[in-house]
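Reviewing the structure listed below.
The values are calculated or read from the model by the stated rules, or taken from the named source; none is laboratory data. This is a predicted model, so every value here is computed, not measured. Glycine also receives a Cβ, built like all others from the backbone with ideal geometry; neighbour counts cover every protein chain displayed. Just the protein is used for accessible areas: all its heavy atoms, side chains included, with ligands, DNA and RNA removed. Shrake-Rupley method; radii C 1.70, N 1.55, O 1.52, S 1.80 Å.
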Amino acid sequence: MTRSLVLLLALVAVAPAHAADPAPPLQAILAVGKEGAGNADAAAAWKQLVAAGPDTIIPTLTAFDTASPAAANWLRSAVSAVADAEQKAKRPLPAEALKAFVKDDKRNPAARRIAYELYAAAVPGEATNLLAELVNDSESDLRRDAIAERLARAAKVSPAALLAAQKELVPFARDRDQLEQLAKALDAAGEPFNKTTHFNYVTQWLVVGPFDNTAEAGYAKAYPPEAQFDAKAEYPGKLGPVSWKAMQSADEYGTINLNQEIGKVKSAVAYAYAVVEAPAATPVEVRATSPNALQIFLNGEKIYDRNAYHNGRAADAHVAKGTLKAGRNTVLLKVCQDDQKQPWTQGWEFAARVSDATGGRVPLRQALTTPTGETELVPLGTLKAAPAPEKK
Amino acid sequence: MTRTFPATVAFLAVLSVAADWPGFRGTGTGASTEKNLPTGFSETSGLRWKATLPGRGVSGVVTHGSRVYVTASSGQRDDRLHVLAFDAATGAQLWHRQLAATGSTAAHPDTCMAAPTPVADASGVYALFASGDVAAFDPDGTLRWYRSLVSDYPTITNQVGMASSPVLAAGKLIVPMDNYGESFLAALDGKIGQNLWKTPRSKEANWATPAVRTLADGKSEVLFPGRDLAVYDAETGAKKWAAKVPGGIASPTVAGDLLLTPGGGVTASKLEAGGVKELWKSPRLQTGMSSPVAFEGKVYGVTSAGVLLCVDAATGKVDWDFRVKGKFSASPVAADGKLYLFSEEGNLIAVKLGAEPELIAESKTGERGQATPAVSGGAIFIRGDKTLFCVGSK
């Protein structure tokens, strides 16, 4: 059998019989399961995909739409193997198909990023022009690079053009470091930018604790605040009776430090409760930053659960998907601390924000208690108001 | 059989005997039997080749036969994972495969997702990343299998960044996964990546790489420090015994029945049936993140600040100390009567060993690096943050 015939047969095997159904090799890869289940079939399928050459790139990228994280890496490495071989052989990649895939924002964001990089390798100049259009892209790296490209272009024109670009682009920034650079430039130009509002941090919480988490058993124990919220309730806590206390974050990234607010207690559980008002039913992500084991409840339903301690403080390390209903919604966080004694295990804190799927702002409001004790609805991200001046 | 077959077999045999540096610190000792090694290089000579890497890596270079394997990580979130193969003789990039991190990429700035050193054998290379992603590639770059350990065991986490390297024992890929979440030592089937055994461990971070010891009956055991030094049957994963032996960030070294464990200095113990017998302690051998090396009757270690010590392996007596320039997190490597060190500033330092040490070369790569050098095929392989260097004659 000649090599070309082998490739032809492989390509026939990869080509989808129906546009909606991935071809059998892709199905085998999409079927990989836990602990290596399906790996043998996936390995055979991977070889078929790669043997089929560049015509398999777009179907393989399309398969990302329904791939698990593990399956996506089988697909990703297949695409990289095909592209590697084509580039070594100095054969062109399917540039127009890749460009169309990048522009199709219904496709998986990670797959579109891969497509963009292959397109950029094929036609670098044209790819940069396409990139500059993607400042509001759903894929975080494309968005980031697009903003950087547009800023670089403006900087070559004039300082005024750069400032105009900074003002135009800052709403699209999602990464803290890029946003901080933009905010710093705007501050220097006398146009301060509110990062807390931009990121939609919940800054007003009711917090209760500590409850017991000895031997980390409290993580799985549903203490009364999980069953029903009662602002006036008193509960038996780890160190005695506990009740809800209002807390407002003064941190631009919305942090509530439980070691300060509740006390430095090890093997402990705290709950944080907030009310978020939505103008209409809205799909959202509750994105939390916390080094602690964490559960997130939206309107009483658990939407996130990670029983791991000492995760660091990477922004948005915990991402939970949910849908806000029109009107009043409740967000409850369960923040658990273990008993470890090393200095880097002492953090007991959280921050949370409510965003769209890109991490962008959604127009929501929260109940904020003012220094005078009144409650008002304010946009998410509103920081603690300055204390009322003392009357003499 | 054609006439060329025996010659081919003989040639491959020479390659595999002489050259392999298959895993973290070679075979886990940091020592090599290679001879006639280079001492250094300059801008104009001594460099066989160099190759640009797509990202950073604290992981070491590994070799098998004519293949050189390297891992790297890149991207704004350090979530782009790379596995590359190069031709040892020419530096030609043979293949480059990419994966994405499926676990957390939070880590101390000194490290990155390409922290565990890969391990290679005739079947190809096994690459583990600090994000809990592990993959096996054939020598030609074919993906044999892939696992997302964080998808399988979602609580895996270590905010500092994991760094323990996988090892091969009893024909299995041994994966160390000590962290603040679900912790374990597991053996994966090299052909399809499924668990052969998985033994629970304490939920504590650990950056050490296990040591493998082959017993007189041909069986292998895996020595893994942590709260204690625990010893596992490589065939079954059963814990055979444990001993109170100091542990730290650096890795243990096994040389015959000598066990060196870093942690508050280095402790030397004799491995016995079912336990250890302490031989000596050397508080001065403060090796920090690097691991000690046993070579020709001596133990060598370098402090993070650059004090190189030579200790008698039998007695623990310090023979000499010697100051070298730089900060060190890479482990020293011993071969051909020399000790090679790679400083964080990116300098390869060669010291001639003997009754008195002698600095014989200090070569600058011009970029920072933290990975332990590899010795293979008459060359020294070092990696900076951006470049892979092969030091040797062309």
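Of the candidates A:Ala110, A:Ala115, the single residue that is within 14 Å of chain B (Cβ to nearest Cβ), touching a strand residue (DSSP E or B) at 6+ places or on another chain (Cβ under 9 Å), surrounded by 19 or more Cβ atoms within 10 Å (Cβ to Cβ) and touching a residue at least 40 places away in the same chain (Cβ under 8 Å) is A:Ala110.
Here is a yes/no grid of residues against (1) part of a strand (DSSP E or B); (2) of a type in the set (D, E, K, R):
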{"site": "B:Lys327", "(1), (2)": "no, yes"}
{"site": "B:Glu345", "(1), (2)": "no, yes"}
{"site": "B:Val351", "(1), (2)": "yes, no"}
{"site": "B:Ala355", "(1), (2)": "no, no"}
{"site": "B:Gly369", "(1), (2)": "no, no"}
{"site": "B:Phe381", "(1), (2)": "yes, no"}
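Please state which one of B:Thr315, B:Thr365 is open to solvent by 20 Å² or more (accessible area, probe 1.4 Å) and closer than 23 Å to B:Gln286 by Cα. Checking each option against the conditions leaves just B:Thr315.
The set of residues in the range A:30-47 being crowded, with 21+ Cβ neighbours inside 10 Å and under 27 Å from A:Phe101 (Cα atoms) consists of A:Leu30, A:Val32, A:Ala42, A:Ala43, A:Ala45, A:Trp46. Restricting A:Ala293, A:Ala272 to those that are hydrophobic (A, V, I, L, M, F, W, C), surrounded by 21 or more Cβ atoms within 10 Å (Cβ to Cβ) and within 14 Å of chain B (Cβ to nearest Cβ) reduces the list to A:Ala293. For A:Ala160, the conditions (1) in contact with a helix residue (DSSP H, G or I) (Cβ under 8 Å, 6 or more places away or on another chain); (2) among the hydrophobic types (A, V, I, L, M, F, W, C); (3) farther than 24 Å from A:Leu364 by Cβ are fulfilled apart from (1). Elements of the type strands (runs of 3 or more DSSP E) sitting completely within the range B:52-116 and holding at least 3 residues that are under 29 Å from A:Ala317 (Cα atoms), open to solvent by 50 Å² or more (accessible area, probe 1.4 Å) and of a type in the set (D, E, K, R): there are none.
Scan the range A:173-230 for residues that are of a type in the set (Val, Ile, Thr) and touching a Pro at 6+ places or on another chain (Cβ under 8 Å) and jot them down. Those that are of a type in the set (Val, Ile, Thr) and touching a Pro at 6+ places or on another chain (Cβ under 8 Å): A:Thr197, A:Val208. You will find that of B:Val125, B:Val160, B:Val212, B:Val134, the residue that is within 12 Å of chain A (Cβ to nearest Cβ), at pLDDT 95 or above and either open to solvent by 10 Å² or more (accessible area, probe 1.4 Å) or outside any loop (DSSP other than H, G, I, E, B) (or both) is B:Val134 and no other.
No other residue among A:Leu169, A:Leu179, A:Leu162, A:Leu186 is within 14 Å of chain B (Cβ to nearest Cβ), free of Cβ contacts under 8 Å to residues at least 60 places away in the same chain and surrounded by fewer than 22 Cβ atoms within 10 Å (Cβ to Cβ) apart from A:Leu179. Of all residues in the range A:62-71, those that are open to solvent by less than 30 Å² (accessible area, probe 1.4 Å) and away from chain B (no Cβ under 13 Å) total 1.
Sort out for me the helices (runs of 4 or more DSSP H) sitting completely within the range A:107-218 that have 3 or more residues that are within 20 Å of the chain's Cα centre (by Cα).
By residue number, A:109-122, A:140-157, A:176-188, A:195-199.
Pairs are defined by a Cβ separation below 7 Å, a sequence spacing of at least 6 or placement on different chains, a first member in the range A:72-84 that is free of Cβ contacts under 8 Å to residues at least 60 places away in the same chain and within 8 Å of chain B (Cβ to nearest Cβ), and a second member that is open to solvent by 10 Å² or more (accessible area, probe 1.4 Å) and among the basic types (Lys, Arg); the pairs so defined are A:Ser77/B:Arg97; A:Ser80/B:Arg97; A:Ala81/B:Arg97.
Which of the residues that make up the range A:342-392 are open to solvent by 70 Å² or more (accessible area, probe 1.4 Å) and modelled with pLDDT of 85 or more?
Listed by number, the residues that qualify are A:Ala357, A:Arg361, A:Pro363, A:Arg365, A:Leu377.
Only one entry of B:Glu235, B:Glu182 meets the criterion of being open to solvent by 50 Å² or more (accessible area, probe 1.4 Å) and either within 13 Å of chain A (Cβ to nearest Cβ) or under 19 Å from B:Ser148 (Cα atoms) (or both), and that entry is B:Glu182.
Please verify whether A:Ala320 is touching a strand residue (DSSP E or B) at 6+ places or on another chain (Cβ under 9 Å), over 17 Å from A:Leu258 (Cβ atoms), outside any strand (DSSP E or B) and among the aliphatic types (A, V, I, L, M), treating the condition exactly as stated.
On the way: touching a strand residue (DSSP E or B) at 6+ places or on another chain (Cβ under 9 Å): yes; over 17 Å from A:Leu258 (Cβ atoms): yes; outside any strand (DSSP E or B): no; among the aliphatic types (A, V, I, L, M): yes.
Against the criterion (touching a strand residue (DSSP E or B) at 6+ places or on another chain (Cβ under 9 Å), over 17 Å from A:Leu258 (Cβ atoms), outside any strand (DSSP E or B) and among the aliphatic types (A, V, I, L, M)), A:Ala320 does not qualify.
Here B:Asp189 fulfils each of the conditions (1) farther than 14 Å from B:Glu235 by Cβ; (2) open to solvent by 20 Å² or more (accessible area, probe 1.4 Å); (3) within 12 Å of another protein chain (Cβ to nearest Cβ) apart from (1). Of all the residues in the range A:85-101, those that are farther than 28 Å from B:Thr102 by Cα and without any contact (Cβ under 8 Å) to a residue 24 or more places away in the chain number 4. Among the criteria (1) crowded, with 20+ Cβ neighbours inside 10 Å; (2) in contact (Cβ under 8 Å) with a residue 40 or more places away in the chain; (3) away from chain A (no Cβ under 11 Å), the one B:Pro225 does not fulfil is (2).
For B:Leu168, the conditions (1) within 13 Å of chain A (Cβ to nearest Cβ); (2) open to solvent by 10 Å² or more (accessible area, probe 1.4 Å) are fulfilled apart from (1).
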